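Structure first, commentary second.
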Amino acid sequence: MQRALWGGLLVSCVCALAGTWVVVRGMAFLGDAMAHGMLPGVAVASLLGGNLLVGAACSAAAMALGVTALQRNSRFTADTGIGLMFVGMLAAGVIIVSRSQSFAVDVTGFLFGDVLAIRDRDLGYLVAALAIAMVITVLGHRAFVALAFEPRKAHTLGLRPRWAQAALLGLLTVAIVASFHVAGTLLVFGLLIAPPAAATYWADRIPVIMVLAAAFGAVATVLGLLVSWHAGTAAGATIVAVAVGLFFASAFAAWARTRIRPPRANTVALLGVLIAAVPLVGCGSDTADSEAPVETPHGYVAGAEETDAPQTRLVVADTAGAMRVVDLIDGAVTEVDPVSGITSLRGDDRFAYAETGAATRIVDGGTWTVDHGDHVHYYRAAIREVGALERGGVRAVHSDPVVTGVVTESGTTLLDRAELDEGRITERDVLADALAVPYAEHLVVIAKDSGRVEVRTREGAVVSSPPESCRAPSGSAVTRRGFVVGCADGAVLVRGSEGRFESAKIGYPQQVSAPERASEFAHRPGSTTLVARAGERGIWVLDVRTRSWRLIETGPTVAVNTAGEGSVLLALTRDGVLHSYDSATGDQTGQVPLLGPIPNNGPLPVIQIDTDRAYINDGGARVVHEIDYRDNLRRARTFDLDIAPAHMVETGR
């Protein structure tokens, strides 16, 4: 019993480290498959009289390598490869077992665990496994975070996502191999996901989730062994049952918590207040105690609801002024009050800015994402009209938590972001004849006449004057590697933080005429790969990471976009055909007829893109097409509308 206790505690710690990533990344099916994939190795080791842990490790490693190899095949999704390896390894194990006449007891222990049979040598293995798991977790934490929340972010940050994925599979293998002796392959899955899943109800930072998961696992071990001793039940199964019970108890407590206080109240702060209040019970006071301060989650505004996944929406409008908001989660369409004469529609991933000549109407799409590097917050709120900005000619909109810069033909209007979040338009400043973009808690300002580039504080004080100039600034983008603005001779990159900034000129690889310059960039938010139409010649691809241009000579296009490094580039041609290209080589990888012939007059279709899908508006057919660009441009869904969506932006990405 003592060895079972220590073994269960060690396994709880190992599973907490690996299981947290299983829960965060949605790798439950992979974890279950790898747990069953150990059967051939264990069966062979048992028949040969070898060490079961070594056999399990070899089999799990083979399973991980097979899954990794199959996932690189773009013909089918990742879960198909996992399923193939799952059934293949399980079948091989059953065939091996069927050839032995004295293997029934061993298989029972393998499938359901035998925690009471743990020996001193097994405890040594568990200690070694915990040490290995801790090393992998600490060294790979940054890469694992980037891989979990946005796989292409790992590319952007230079974190080698393939190596990170291999290390994560190695961590999962260590946890499963170390744990199967306690709970067996059929039950180890419970220890792997139940404690971390329970911990997510009480914390939102990965290290804290790991600590809480280890604590939940330890409690499940102690209570499970006690119940098993007194009730005469199977020890391993009882431990797992208690772990699952703790998850449902946490889920119920979280549900009850939302009923007795606002959802945004911080759990840890609330528990701290309750604990601090215990010694004061009975010490009455004539005055009411003041409320403890409540921590507001990053990016939260009054009336919003925090969710566990992006809540993307499309804001569409026709040329007559009718507007609709399409919820991409459930397909619901919300009507917005019409406004006459919409000529263009821009967005900053929460608000839509509809230009109507001399004014710009602002509509709150009601969904937004707040990225803090190691964690992300997703919010949704009611769709509403904010008001009108008495300026037209909007060319781009860039926002940060403090300022929204609305770039127009005549200059840039800076709006107070906090006021905008509350539904009010408040101008902080107007910079005439200048392009100004909020970046790294500062403003990057480019004078349109001289091309002079300056980095200023919010109050307007100049903190840096890069030597590079940008003649005829046109087109801008904020990426994870800096702010980019298109110029007559290429682009200027400005990057830095905390008052220290540097700049670099990224010149065109050849002489470029004015009509062929990159005048407007398209990209997935945060991506370091930007694309722009190159006049009648094709598409410009600007890789901010390598600071280089590539011209893909596709011929004239009407809309382009890309999901970033390692992904495809999408281009729509005048005949309504959607093409995909390899952004690194320029080779065409696919095409599909999507729209009818696009007329020369009137607004052009756009391609909005996020991490999973691309969206293309078809004004003639009154629909929006959802394209799975990872699956040979498959049309996943079509949203039918009662208006012609001539203009479109996406929010909540």
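Residues in the stretch 361-414 that are basic (Lys, Arg) and farther than 27 Å from Ser527 by Cβ: Arg361, Arg384, Arg391. Do we have Val624 as farther than 30 Å from Ser548 by Cα and β-branched (Val, Ile, Thr) here? Taking the combined requirement at face value, the residue satisfies it. Within the stretch 481-490, is there a residue that is touching a Phe, Trp or Tyr at 6+ places or on another chain (Cβ under 7 Å), closer than 25 Å to Gly535 by Cβ and charged (D, E, K, R)? Yes: the stretch 481-490 contains one or more residues that are touching a Phe, Trp or Tyr at 6+ places or on another chain (Cβ under 7 Å), closer than 25 Å to Gly535 by Cβ and charged (D, E, K, R).
The set of residues from the stretch 435-480 being without any contact (Cβ under 8 Å) to a residue 12 or more places away in the chain and among the small types (Gly, Ala, Ser) comprises just one member, Ala461. Considering only residues that are under 23 Å from the mean Cα position of the chain (by Cα) and among the small types (Gly, Ala, Ser), which ones fall in the stretch 611-651? Residues satisfying the conditions are Ala614, Ala636.
Quick check on His230: is it out of contact with any strand residue (DSSP E or B) (no Cβ under 7 Å at 6 or more places or on another chain), modelled with pLDDT of 75 or more and either surrounded by fewer than 23 Cβ atoms within 10 Å (Cβ to Cβ) or not assigned by TED's automatic domain parsing to the domain that holds Ala563 (or both)? Yes. In the set Arg481, Arg458, Arg452, only one residue is farther than 19 Å from Ala514 by Cβ, at pLDDT 90 or above and surrounded by fewer than 21 Cβ atoms within 10 Å (Cβ to Cβ); that residue is Arg452. Of all the listed residues (Arg500, Arg471, Arg456, Arg480), the sole one being outside the structural domain of Val558 (by TED's automatic domain parsing), in contact with a helix residue (DSSP H, G or I) (Cβ under 7 Å, 6 or more places away or on another chain) and more than 18 Å from Arg346 (Cα to Cα) is Arg480. Looking only at residues of the stretch 551-580 that are in contact (Cβ under 8 Å) with a residue 40 or more places away in the chain and closer than 24 Å to Val492 by Cβ, we find that the one that is surrounded by the fewest Cβ atoms within 10 Å (Cβ to Cβ) is Leu551.
Is the stretch 578-588 home to any residue that is modelled with pLDDT under 90, in contact with a helix residue (DSSP H, G or I) (Cβ under 9 Å, 6 or more places away or on another chain) and on the phi < 0 side of the Ramachandran plot? Checked the stretch 578-588: no residue is modelled with pLDDT under 90, in contact with a helix residue (DSSP H, G or I) (Cβ under 9 Å, 6 or more places away or on another chain) and on the phi < 0 side of the Ramachandran plot. Between Arg547, Arg574, the distinction of being of a type in the set (D, E, K, R) and on the phi < 0 side of the Ramachandran plot belongs to Arg574 only.
Which of the residues that make up the stretch 518-551 are within 18 Å of Tyr629 (Cβ to Cβ), among the small types (Gly, Ala, Ser) and in contact with a helix residue (DSSP H, G or I) (Cβ under 9 Å, 6 or more places away or on another chain)? Within the stretch 518-551, Gly526, Ser527 qualify. On the stretch given as the stretch 581-626, residues that are among the small types (Gly, Ala, Ser), buried (at least 22 other Cβ atoms within 10 Å of the Cβ) and part of a strand (DSSP E or B) total 1. For the stretch 309-359, a tally of residues being of a type in the set (Val, Ile, Thr) and within 31 Å of the chain's Cα centre (by Cα) returns 9.
The values are calculated or read from the model by the stated rules, or taken from the named source; none is laboratory data. Predicted model only: the values in this text are computed from it and were never measured. Reconstructed Cβ throughout: ideal geometry from the backbone, glycine too, with neighbour counts over all protein chains shown.
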